[in-house]
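**Student:** Mind having a look at this structure? Questions to follow.
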Amino acid sequence: MQKIPQKIIHTRYLRHRKKFPHVWCPGCSNGIVLGAIMRAVDELKFKRSNTAMVSGIGCSSRMPVYVDFNTLHSLHGRAIAYATGIKMFKPEMDVMVVTGDGDATAIGGNHFIHAARRNIDLTVILINNNIYGMTGGQYSPTTPTGDIATTTPYGNIDPVFDICELAMGAGATFVARTTAYHALEAQSFIKQALEHKGFSLVEIISACPVIYGKLNKKGDAPAMMNAMKKNSISLKAWEKLPEDKLKGKIKRGILRNEDRPEYTDEYAKLVQKVQGGK
Amino acid sequence: MHQYKKLNDVEKHKEGTIIRTDDSPVKMEVEYTDVKTEGDYKKSPVYIFHDWCVKCGICVAFCPTGVLARKPDGSPYVKNPEKCTHCETCDRLCPNFAITGAKKK
Ligand SMILES: Cc1ncc(C[n+]2csc(CCOP(=O)(O)OP(=O)(O)O)c2C)c(N)n1
Ligand code: SF4
Ligand code: SF4
Ligand code: SF4
């Protein structure tokens, strides 16, 4: 036992004395993503009082409990709706949403596409672990076809959602995808997404070794992370490879980064117009 | 041991509010905490917070230079301290904030 200095990042942004150690299972990628977010926020020197983190319900959605920002742990699937409320009321605030694949694309699918359509300035960090982790392993819209979940004991017959394509189709102006293994890249994408004005999505493919990994015999956490390393291809390499080599691989990179009028700006303009420029 | 403070009412209130006004992390920046570490941490290139470590093995698996190794119970320890390049890979990939390979200042 000895006194050692705590990491600065812990003491600056986390509720490290009150809420740690966290409840996520050993090897769960959620903690890695939390670290990447903290580092990105630290790089941007965001003020804690001007930053909000909002989530719904799920393992990933427990994240706001651990950070010392303004936080809101809301209803399953409704994180983006609550975040929209905060952003409309305080447009100067940096609002991020942390959500799971089930939370954002199953029960919350409608909020997700319409926030993207409006291009409201939210940063959605979507932790995609291919399953409903918190409730014990039901299949989600991103469970790969053929994989086992507790509700698909003989294999899943549903085709999967490509979340980034969904967001782009709906009109999101910043869309990126990476994996928990590529933590440095995740940090950089999150940073760019936070800086971007408009709806931004960062999808982070992550490992749930305890439920999804166990049901599908994917091995322990290091094995699942090695698989992410092997099965993902950066955008640059992707464009050069022939089609047969891309099957079943994860495309990593910034898939879209463009500008379009932002919702709270447009709203402010409308208010000004209606009030006759007063 | 870490001092896990009980939430008092003031803190509870602070956590629940949406709008925070207190923005003074400066005082908190360097805190000294009693942590179970093995050996002399001053000589070790990496700190491991055993209170928070869940023995998942990620840091050991991905340290690029093989500084870390696992004990029979799965917990990581510094085997080859001289090989550490302070790349902070262990730091970034640890899901439990339980290890830091950052260079000492
Ligand atoms: C309205 C409502 N329906 C269902 C639930 C039960 N429920 C809690 S978490 C969850 C799934 C979470 O899955 P996901 O969003 O993928 O997050 P993960 O736990 O995998 O990180 C469900 C269905 C709930 N809490 N509220
Ligand atoms: S059930 Fe899966 S997603 Fe949830 S904490 Fe455990 S490993 Fe992580
Ligand atoms: S800082 Fe890098 S080299 Fe040093 S122990 Fe961690 S991963 Fe290994
Ligand atoms: S990655 Fe972190 S939690 Fe896992 S064994 Fe290493 S120090 Fe422990």
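The values are calculated or read from the model by the stated rules, or taken from the named source; none is laboratory data. Being a predicted model, the structure only gives us computed values, none of them experimental. Heads up, the Cβs are rebuilt from the backbone with ideal geometry, glycines too, and the neighbour counts pull from every protein chain shown.
**Student:** Can you find even one residue in the stretch A:194-216 that is among the aromatic types (Phe, Trp, Tyr), assigned to a helix (DSSP H, G or I) and either surrounded by fewer than 23 Cβ atoms within 10 Å (Cβ to Cβ) or more than 16 Å from ligand 2 (Cβ to nearest atom) (or both)? Even if it seems obvious, please write down each step before you answer.
**Tutor:** Filtering the stretch A:194-216 down to residues among the aromatic types (Phe, Trp, Tyr) leaves A:199, A:212.
If we keep only those that are assigned to a helix (DSSP H, G or I) too, we end up with A:212.
Cutting the leftovers down to either surrounded by fewer than 23 Cβ atoms within 10 Å (Cβ to Cβ) or more than 16 Å from ligand 2 (Cβ to nearest atom) (or both) gives us none.
Within the stretch A:194-216 (the criterion being among the aromatic types (Phe, Trp, Tyr), assigned to a helix (DSSP H, G or I) and either surrounded by fewer than 23 Cβ atoms within 10 Å (Cβ to Cβ) or more than 16 Å from ligand 2 (Cβ to nearest atom) (or both)), the answer is no, since none of the residues qualifies.
**Student:** Filtering the stretch A:32-52 down to residues that are part of a helix (DSSP H, G or I) and without any contact (Cβ under 8 Å) to a residue 40 or more places away in the chain, which residue is farthest from the other protein chains (Cβ to nearest Cβ)?
**Tutor:** Let us first name the residues in the stretch A:32-52 that are part of a helix (DSSP H, G or I), namely A:32-44, A:48-50.
Add one more test, that the residue is without any contact (Cβ under 8 Å) to a residue 40 or more places away in the chain, and what stays is A:34, A:38, A:42, A:48-49.
Working: A:LEU34: 8, A:MET38: 9, A:ASP42: 11, A:ARG48: 6, A:SER49: 4 Å.
Filtering first and then ranking leaves A:ASP42.
**Student:** While we're looking at this one, here's another question. Kindly check whether there is at least one residue in the stretch A:94-117 that is touching a helix residue (DSSP H, G or I) at 6+ places or on another chain (Cβ under 8 Å) and within 12 Å of another protein chain (Cβ to nearest Cβ).
**Tutor:** yes
**Student:** Which of (1) assigned to a loop (DSSP other than H, G, I, E, B); (2) without any contact (Cβ under 8 Å) to a residue 12 or more places away in the chain; (3) surrounded by 15 or more Cβ atoms within 10 Å (Cβ to Cβ) is the odd one out, the single condition B:ASP51 does not satisfy?
**Tutor:** All conditions are met except number (2).
**Student:** Give all pairs with beta carbons closer than 7 Å in which a residue from the stretch A:254-268 that is farther than 21 Å from A:LYS90 by Cα meets a residue that is among the aromatic types (Phe, Trp, Tyr); count only pairs at least 6 apart in sequence or on separate chains.
**Tutor:** Once the first residue is farther than 21 Å from A:LYS90 by Cα and sits in the stretch A:254-268, its partners that are among the aromatic types (Phe, Trp, Tyr) give A:ILE254/A:PHE189; A:ARG256/A:PHE174; A:ASN257/A:PHE174.
**Student:** So, one more: Do the conditions hold for A:ALA237, that is, is it free of Cβ contacts under 8 Å to residues at least 40 places away in the same chain, surrounded by fewer than 18 Cβ atoms within 10 Å (Cβ to Cβ) and within 16 Å of ligand 4 (Cβ to nearest atom)? Give the derivation first.
**Tutor:** Working: free of Cβ contacts under 8 Å to residues at least 40 places away in the same chain: yes; surrounded by fewer than 18 Cβ atoms within 10 Å (Cβ to Cβ): yes; within 16 Å of ligand 4 (Cβ to nearest atom): no.
When the stated conditions are applied, A:ALA237 does not pass them.
**Student:** Looking at A:GLY77, A:GLY100, A:GLY109, can you tell me which residue is at positive phi and away from ligand 3 (no atom under 16 Å from the Cβ)? Step through it out loud before you land on a result.
**Tutor:** Values: A:GLY100 fails: at positive phi; A:GLY109 fails: at positive phi.
One residue alone meets the criteria, A:GLY77.
**Student:** Given the criteria within 12 Å of ligand 1 (Cβ to nearest atom) and modelled with pLDDT of 95 or more, does A:ILE131 qualify? Walk me through it before giving the result.
**Tutor:** Details: within 12 Å of ligand 1 (Cβ to nearest atom): yes; modelled with pLDDT of 95 or more: yes.
Spelling it out, A:ILE131 is indeed within 12 Å of ligand 1 (Cβ to nearest atom) and modelled with pLDDT of 95 or more.
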